[in-house]
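Student: One structure, pasted below without further comment.
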Amino acid sequence: MKGMRWLWYTFLAMFSFGMLGVVGAIGGAIYTISYYGQDLPDYSKLKDYKPPVVTRVYAGDGRLMSEFAQEKRIFVPIEAIPDMAKNAFISAEDKNFYSHQGVDYTAIARAAISNIKNMGTGRRPVGASTITQQVAKNFLLTNEVSFRRKIREAILAFRMERAMSKDRLLELYLNEIYLGEGSYGVAAAALNYFNKSLEELQIPEVAFLAALPKAPNNYHPVRHHDAAMSRRNWVIERMTEDRYITKGQSELAKAAPLRIIRRNNTNVINAPYFAEEVRRELIDHYGEDGLYGGGLAVRTSIDPRLQKIARRTLREGLLAYDRRHGWRGPLSHFDSLDDWTNRLASYPHPADLPESWKLALVTKTTAEEASISFSDKSKDKILLKYLLWARKPLKKGLTGPDVTSVRDVLKTGDVIMVEQVEADGEKVYGLRQIPEVNGALVALNPHTGRVLAMEGGWSYKGSEFNRATQAWRQPGSAFKPFVYIAALDKGFTPATLVLDAPFVIDQGPGLGKWRPANYTHEFYGPTPIRVGIEKSRNLMTVRLADFVGMPDIVKYAQKFGVITDMSPLLANALGSGETTLLRLLTGYAQFVNGGKKVNPTLIDRIQDRRGKTIFSYDTRPCDKCGKLIEWTEQETPEIPDTRQQLADPRKAYQIVSMLEGVVQRGTGVRIKALGRPLAGKTGTTNESRDTWFIGFSPDLAVGVFIGFDEPKTLGRKETGSSVAVPVFRDFMKEALEGTPPIPFRIPSGIRQVQINAQTGARSRPGDERIIWEAFLSGTEPTDKMYILDGKGISLMPSLSSSTTQDSATVGTGGLY
């Protein structure tokens, strides 16, 4: 009995100590949770967490143009992530994910045993963090290595498991995790490593991605290929053990090579100036967080085909001007040819060097050719006939004597830029230099304002300054149409005579007298308004502006959005105010569209990360749009035209007709060879500092500006006609290729009457220069002729049909 009693007491003692241990353990756990659970981050916000997602900007045809993000992430909802991708990460990171409550005790025990075995071997300790714990660490905690962080991580994991579903936790993990190569989330990694969507990935590819979370840099597929293969195959084995794939699939997957397929950028639209304008607009509307993490899908108005033409024709125009003004010399000169291959290879390439250009070293020269070598030791030559343009530049845009020998241009040791081109049926190298002059080209739809192409300079890499939107320059004669539309509103017609004669105005005490002049410094007497705009006559324009009144012209400049703060000074009638290419082009577009207001727009539509449209440029009301999905031969909804009417459409057409004459007979006559209905106006400023051509077809408006960033003369004979017009012509030739010529649309209320092109009078038998002129009904010319001269408007004696007037060249002596 005593023995039994002793055993009983012993059992009671052991039980009591056990209970005390349990109570102590529970108490310790409670204390641990209470102590480390203080001030934990609020995990409830993860329920509605929206990870920062890349904003993608698309061209008008749907191709990618640009991406904006601090972390390149593509968010994919859990239901859209393929099971194979989910299973690969679960096998690699947390095989019991769907059964544990946030912490996997089995994995902890397994890791502890493994780490004890590996003590002293130098191997990295094995971890046992679950996917839930990794979400807690990545979203709410730091990467601090400590027991405190691990305990807080575990506590958070328990709480998160009670608050969120397993699928939500897995969704957060797969979209947040960093997988190397700038990839945040599995969808971005699939694109960056394999140029595929998640749905297109094969078993070896998802296994490789699942191998990366622990240490992406250690398993880089190129730098650490063997380690990456080993880790990938380990994941495949885990997937097999977990019965996500069969043994046969496993063997095939492990035998597959690890090949990385980089994203194909050949289909990415190259329009950096346009993309930067879009970026600025998005920041203005949505802020930096919305742009760089909002996951916006932005569909823009850009036409990739027109953008490509714009880039090439602007560059060709800048090069053509630059070559006319000589060769400024080599990039550098090597005094010795010792170790020239390494020295040439290490020579810094100019940031704005075109892709088709290369650096070369001149190794020998004769009178007829220069021998050149490249850093890869290949050799070629440049013949004299391809160097004839490279004369020595002089002051004020002039050049020195003709090149008669290669040695006039190049010396042995010169480091130069060259380009291989097709000439005379063979591939040859030509000498190149990056132009100092710069410029811009913009094309837009005149009826909607949608910008279809924008090239803001020679090279965005060389200069991010956008000369289409940021360069405020004087438009010169390109402003004159806004003077003439104001005159038409005062009752003038395109055939009204204006005296082209000296004009002098007193500018006030101590300011002297202002004497504008024509480019030719000649006077042409009574001249129809049409001829004044076709030949860009300054004296006529100033006299007309003085009569109409500058306040009215200021109103038109503001109404058309060209210059919003122009002072009513007479000199501004000749374009001495400042504007941008995009503003000026938009003003012209409002002539050809019938006088309707349009706002230039780069963005068609913006969708948020869930696909909801949050912006559309087309805000016209349409009650029936979008409500009928099935076509049952119902009537097409009528969408009202809500554009503001800026000018009488008949008078807007009269301006279009006169600008068409600029191309047919005036300063834009170089464009006439295209044989299409085109119209526009040249512009050149004092000392040829700025050159312009703004023009249009019935459905496409295009503007060209060329000048130095630090304004200086382009050269004594350089004008809008010689510099900007060829760029416009070449762009339009290619842009309109394959489309039928469309005449300019004539509004109702216009009567076409044949007149003498020189006198503005009704045509008579025997007149040699007869044109059709556009008149408002009731304003057709009669036998009476009126002229605006120094005294005002007066009746003029009848002119003989044989009266002739000398034609003028482009421009004036001041602003023209």
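The values are calculated or read from the model by the stated rules, or taken from the named source; none is laboratory data. Here the structure is a predicted model, which is why all the values come from computation and not from measurement. When we count neighbours, we look across all protein chains shown, and the Cβ atoms used for this are built from the backbone with ideal geometry, even at glycine. Each accessible area value is taken on the protein alone, full model and side chains, heavy atoms only, with ligands, DNA and RNA left out. Shrake-Rupley method; radii C 1.70, N 1.55, O 1.52, S 1.80 Å.
Student: Output ³J(HN,Hα) for segment 442-451: one whole-Hz value per residue in order, computed from phi by the Karplus curve 6.51 cos²θ - 1.76 cosθ + 1.60 with θ = phi - 60°, and x for Gly and Pro.
Tutor: Working through the residues one at a time gives 10, 10, 9, 7, x, 8, 10, x, 5, 6 Hz.
Student: May I pose another question? Between T412 and F374, what is the label-to-label distance in nm when each label sits 7 Å out along the Cα-to-Cβ direction?
Tutor: It is 2.4 nm.
Student: Mean Kyte-Doolittle of at least 0.0 plus a Cα span of 20 Å or more along the axis: flag which DSSP H helices in the chain meet both, please.
Tutor: Span-like helices in the chain: 2-36.
Student: How would E93, E768, E710 rank on accessible area, largest to smallest, probe 1.4 Å?
Tutor: E768, E710, E93
Student: Using a ≥ b ≥ c from the Cα gyration tensor of segment 187-242 (square roots of the eigenvalues), is it rounded, prolate or oblate, where a/c under 1.5 gives rounded and otherwise the larger of a/b and b/c decides, a/b for prolate?
Tutor: Oblate shape, in that a/c is at least 1.5 and b/c is the bigger or equal ratio.
Student: If you don't mind, another one. Just the number: Rg to Rh for the chain, Cα atoms, Kirkwood Rh, two decimals.
Tutor: Ratio of gyration radius to Kirkwood radius for the chain: 1.14.
Student: Moving on. What are the equivalent ellipsoid semi-axes of segment 273-318, built from the alpha-carbon gyration tensor (square roots of five times its eigenvalues), in whole angstrom, biggest first?
Tutor: Computed over segment 273-318, the values are 28, 11, 7 Å.
Student: I've got another one for you. Can you give the accessible area per residue of the chain, in Å², using a 1.4 Å probe?
Tutor: Dividing the accessible area of the chain by its residue count gives 49 Å².
Student: Can you give me the convex hull volume of the Cα atoms of segment 566-715, divided per residue and expressed in Å³?
Tutor: That works out to 211 Å³ per residue.
Student: Amide H to amide H, which residues 5 or more places from M796 or on other chains are under 5 Å from it, using H placed in the peptide plane?
Tutor: M785, Y786, I787
Student: Could you tell me the relative contact order of segment 543-665? Use alpha-carbon pairs under 8 Å, at least six residues apart, and round to a whole percent.
Tutor: Dividing the mean separation by the residue count of segment 543-665 yields 22 percent.
Student: For the pair A501 and R262, what calculated FRET efficiency results from E = 1/(1 + (r/R0)^6), where r is the Cβ-Cβ distance and R0 = 51 Å, to the nearest 0.05?
Tutor: E(calc), rounded to 0.05, equals 0.15.
Student: Still on this structure, I have one more. At a Förster distance of 35 Å, what's the computed FRET efficiency of L511 paired with E464, Cβ-Cβ distance as r, to 0.05?
Tutor: About 0.30, to the nearest 0.05.
Student: Under unit Cβ charges (Lys, Arg +1; Asp, Glu -1), what dipole magnitude, rounded to 20 debye, does the chain have relative to its Cα centre?
Tutor: Dipole size: approximately 1240 debye.
Student: Still on this structure: Could you tell me the largest-minus-smallest coordinate of the C-alpha atoms of segment 237-298 on each of the three principal axes, in descending order and whole angstroms?
Tutor: 55, 27, 13
Student: Can you show me the helix-derived [θ] at 222 nm for the chain, built from DSSP H runs with n ≥ 4 at -39,500 (n - 2.57) apiece and divided by the number of residues, rounded to the nearest 500.
Tutor: -10500 deg cm²/dmol
Student: Next question. Starting from 0.36 nm per residue, how many nanometres of slack lie between S99 and D565 once their C-alpha separation is accounted for?
Tutor: Residue separation times 0.36 nm, minus the Cα-Cα distance, leaves 160.7 nm.
Student: Multiply the residue gap between R745 and D167 by 0.36 nm, knock off their C-alpha separation, and tell me the result in nm, one decimal place.
Tutor: 202.0 nm
Student: Then there is this: D for segment 686-726, whole µm²/s, Stokes-Einstein with Kirkwood Rh over alpha-carbon pairs at 10 °C and 1.306 mPa s: what number?
Tutor: My calculation gives 147 µm²/s for D.
Student: In addition: With labels modelled as points extended 7 Å from the Cα through the Cβ direction, what inter-label distance (nm, one decimal) is found for W772 paired with E734?
Tutor: 3.3 nm
Student: While we're here: Can you send over the solvent-accessible area of F374, 1.4 Å probe, protein chains only, in Å² to the nearest 10?
Tutor: My reading of the accessible area for F374 is about 10 Å².
Student: Follow-up. Gap in Å between the Cα centre of segment 259-320 and the Cα centre of segment 208-230?
Tutor: Computed from Cα coordinates, the inter-centre distance equals 33 Å.
Student: Hey, what did the chain get for relative contact order, percent, Cα under 8 Å, at least 6 apart?
Tutor: The normalised contact order for the chain reaches 12 percent.
Student: While we're on this one: Can you list residues whose amide H is under 5 Å from E773's amide H, if they're 5+ apart or on another chain and H is modeled 1.01 Å from N?
Tutor: Result for E773 returns V753, Q754, I755.
Student: Could you pull the Cα extents of segment 627-753 along its three principal axes, largest to smallest, in whole Å?
Tutor: 66, 40, 31
Student: Which chymotrypsin sites (Phe, Trp or Tyr not before Pro) from segment 584-679 combine a DSSP loop assignment with at most 10 other Cβ atoms within 10 Å?
Tutor: W631
Student: Taking R0 as 35 Å, what FRET efficiency do you get between D352 and I639 from their Cβ-Cβ distance, rounded to the nearest 0.05?
Tutor: 0.20
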